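Everything on this sheet refers to the single structure shown next.
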Amino acid sequence: MESKRVMLLVRILEEKGYLKLNSKEKKDSLISKLSELENKLSFEEFERFENLIFSTLEAVEDEYFELGRLVGEILESE
């Protein structure tokens, strides 16, 4: 059974554009796997896992933004 916490995590990831699931089967599979992980971890460990997911995705997003800015500067200088 999926928890509200896992459902909220998946919904937030989708809303922020970090997660694009093309089928109900893929979404259900992800929810199932995250629910299993949540059951195996303590509340604090799963919370750290969630924070790690978001901080990693935000860091990648920031790096892509910086890379785009640098490419723009290089193209302007040529």
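The values are calculated or read from the model by the stated rules, or taken from the named source; none is laboratory data. Bear in mind the structure is a predicted one, so any value in this text is a computation, not a measurement. Here Cβ is always computed from backbone atoms with ideal geometry, including for glycine, and neighbour counts include all displayed protein chains. Just so you know, the surface numbers come from the protein's heavy atoms only, side chains and all, with ligands and any DNA or RNA stripped out. Shrake-Rupley method; radii C 1.70, N 1.55, O 1.52, S 1.80 Å.
Take SER55 and tell me if it is in contact with a helix residue (DSSP H, G or I) (Cβ under 9 Å, 6 or more places away or on another chain), open to solvent by less than 70 Å² (accessible area, probe 1.4 Å), hydroxyl-bearing (Ser, Thr, Tyr) and part of a helix (DSSP H, G or I). So SER55 fails the test.
Take the conditions small (Gly, Ala, Ser) and open to solvent by 90 Å² or more (accessible area, probe 1.4 Å) and apply them to SER35. Does it pass? Spelling it out, it is not the case that SER35 is small (Gly, Ala, Ser) and open to solvent by 90 Å² or more (accessible area, probe 1.4 Å). Of the listed requirements (1) more than 14 Å from ARG5 (Cα to Cα); (2) open to solvent by less than 50 Å² (accessible area, probe 1.4 Å), PHE65 misses just one: (2). Among the residues of region 23-32, those that are surrounded by 12 or more Cβ atoms within 10 Å (Cβ to Cβ) and of a type in the set (D, E, K, R) comprise LYS26, LYS27, ASP28. Please give the number of the condition LYS20 fails out of (1) in a helix (DSSP H, G or I); (2) open to solvent by 100 Å² or more (accessible area, probe 1.4 Å). Among (1) in a helix (DSSP H, G or I); (2) open to solvent by 100 Å² or more (accessible area, probe 1.4 Å), LYS20 violates only (1). Specify the residue that is surrounded by the fewest Cβ atoms within 10 Å (Cβ to Cβ); the eligible residues are those in region 1-17 that are over 9 Å from the mean Cα position of the chain (by Cα) and free of Cβ contacts under 8 Å to residues at least 12 places away in the same chain. That would be LYS4.
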